[in-house]
1. Restricting attention to segment 123-152, which residues are more than 14 Å from the chain's Cα centre (by Cα) and among the charged types (D, E, K, R)?
2. Here are some conditions: (1) touching a helix residue (DSSP H, G or I) at 6+ places or on another chain (Cβ under 9 Å); (2) closer than 23 Å to P124 by Cβ. L36 meets all but one. Which one does it not meet?
3. Please report, ordered by residue number, the helices (runs of 4 or more DSSP H) entirely within segment 6-85 with at least 2 residues that are in contact with a Ser or Thr (Cβ under 7 Å, 6 or more places away or on another chain) and either free of Cβ contacts under 8 Å to residues at least 12 places away in the same chain or under 17 Å from A117 (Cβ atoms) (or both).
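All of the numbers you see were taken from the coordinates with simple rules; none came from a lab. As the structure is a prediction and not an experimental result, all values here were calculated from the model. Positions of Cβ are backbone-derived with ideal geometry, glycine not excepted, and every protein chain shown enters the neighbour counts.
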Amino acid sequence: MLRNIIFDMGGVLFRYDPPHFIRKAGIEDESDLKLLLDNIYFSKGWKKLDLGEFEEQDVYEQTVEKLPSHLHDIAHQLIFNWHDDLEPIEGMAQLIRLCKEKGLKIYLLSNASRLQANYWGRVPGSEYFDGTVVSAFEKMVKPSPAFFQLLLDRYDLKKEECLFIDDMERNTKAAEAMGIRSFLFENDVEGLKRFILNNLDQ
């Protein structure tokens, strides 16, 4: 029987789209956009944020060494404040509330930096969560099986009673390999709702 829903965060609860963040910051030149993507969001330093090995200041200091000076301020904004104007996935908070009304427990398993603690309360639906596990605080990331197991152990969850939702196929496949039902989220809240309701008695 389904008793627990485990959500990813970026790309599931809110839009996580680095090119979109860069354009919102006022960058129109495609070469500048690529520089910022490659040296911030696709960098080894960004991955170290998720692993808890770096802080945002570390990423910034490495990044500005590789960027022209006219992009330094934008880089600072994109590293420290990309989450200032979160764009929630429409309908997701309402779905999470429905899950709670159905008696389900709600958990977060996210690859994110320690800064997540600062903006988590602004994520619509976050008030319904029964527990959170964030990679930077644990020094491990998805799709590591140990990271999934940490969540199960911490909250005493049975994997056969869980559903894991993520927008990255490598993560849903990792969950399935452990025996955790999963749903690859592709911005279809209604499809996810049907899947959850259909699995409530299974």
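1. Matches in segment 123-152: E127, D130, E138, K139.
2. Condition not satisfied by L36: (2).
3. Numbers: elements: 18-24, 30-36, 44-50, 56-64, 72-80.
Because the criterion is at least 2 residues that are in contact with a Ser or Thr (Cβ under 7 Å, 6 or more places away or on another chain) and either free of Cβ contacts under 8 Å to residues at least 12 places away in the same chain or under 17 Å from A117 (Cβ atoms) (or both), the helices (runs of 4 or more DSSP H) in segment 6-85 that meet it are 44-50.
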